Amino acid sequence: MLAAGSMALSGQRVLVYSEYQRVGPDGAVVKADRVERRREILSPAVARNAWATFRVAAVVPNGSPYTIHIAQNPENYVQTAFYQEEYAKVGEEWVPDRVKPVELPVNAALSAGQKAQTYLLDVFVPETAAAGRFRLEVQLFAEGQWVIYPLEVRVQSAAAKVKEAARGPLAPVEARADAGVTAALRARLCGPGGAAEPLKLDRAGAFVARNAWQDLKLARAKQMESTPEMVEWQMIKAGGWASKAALCESKGDAPAGAEWWLRARGYLYQGLAVK
């Protein structure tokens, strides 16, 4: 309540989005990624030996300096990295594209005319982490006030068995944010598409592609518990395709919207059947 009150009084906010919701410097989700009801990131489930990526938006009065901290309880439970997003002009919009690593705590101020600055919070959960919950906080200080965005992260027993460097198709900036995971699933189920290049984490889309790579590796392990056909169907259904043929024959985005892969993760990480 204190954090909410400070946001209302002074105008500063800190918001956390999924990796499939890109936010422009105007503080709005870019048009290509908008969904009717975006996923509220409060208690995300994560796999072990795997990365989870969240988008953080700092909204502060123009010109006011701000500071961002990331806190964990227990401390050092996971590894974190923080990246500032840079924007590219796509039509009439500015869209997050390239990223650069920044040290925590971040000390910055918005440029003239800018309403928000976005960052990628990249979290690695070691395989040795115990299944259970831990607290991860994004803490914003601006204009003498603290605003806290708390995440109660749920570590699952599922562990990604990834040993080699991630590879994947890298979607262009004008594509929808989930284009990388859609391309990876098509390549997995429908046969090779474009060349899967080693991923360099210098663009926002590379995090999407890397995370899709590790999730599809985890899907292979999931087949040992169920059947290949069931695992494939849950991923296809999450995207809104009626069948594997519909996925393979279509060329566009997933019908279920930009955040559809979060439903597939619910199955891969927690065994939750896609409805």
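The values are calculated or read from the model by the stated rules, or taken from the named source; none is laboratory data. Only a predicted model underlies this, so the values are computations on that prediction, with no experimental measurement involved. Neighbour counts run over all protein chains shown; Cβ positions are idealised from the backbone, glycine included.
Tabulated values for the structure
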item	result
Residues being assigned to a strand (DSSP E or B) and closer than 13 Å to THR53 by Cβ - total across segment 67-78	0
Hits in segment 164-199 - residues which are farther than 20 Å from ARG39 by Cβ, touching a helix residue (DSSP H, G or I) at 6+ places or on another chain (Cβ under 9 Å) and of a type in the set (D, E, K, R)	ARG167, GLU174, ARG186, ARG188
Near pairs, Cβ below 6 angstrom, 6+ apart or cross-chain, from segment 102-115 (touching a residue at least 12 places away in the same chain (Cβ under 8 Å)) to any residue that is aromatic (Phe, Trp, Tyr)	VAL102/PHE82; LEU104/PHE82
Selection status of GLY191, surrounded by fewer than 21 Cβ atoms within 10 Å (Cβ to Cβ) and at pLDDT below 95	yes
Test: residue in segment 127-135 that is under 29 Å from GLY63 (Cβ atoms) and modelled with pLDDT of 95 or more	no
Elements of type helices (runs of 4 or more DSSP H) in segment 207-275, at least 1 residues being among the β-branched types (Val, Ile, Thr) and not assigned by TED's automatic domain parsing to the domain that holds ARG154	228-239
Only one of ARG55, ARG98, ARG39 that is in contact (Cβ under 8 Å) with a residue 12 or more places away in the chain and in a loop (DSSP other than H, G, I, E, B)	ARG39
Selected residue [buried (at least 20 other Cβ atoms within 10 Å of the Cβ) and either more than 17 Å from the chain's Cα centre (by Cα) or of a type outside the set (D, E, K, R) (or both)] from ALA71, ALA116, ALA28, ALA47	ALA47
Among residues of segment 160-184, those that are in contact with a strand residue (DSSP E or B) (Cβ under 7 Å, 6 or more places away or on another chain), buried (at least 19 other Cβ atoms within 10 Å of the Cβ) and not in a loop (DSSP other than H, G, I, E, B), counted	2
Residue that is farthest from VAL46 (Cα to Cα) [pool: residues in segment 119-150 that are among the charged types (D, E, K, R) and surrounded by fewer than 19 Cβ atoms within 10 Å (Cβ to Cβ)]	GLU143
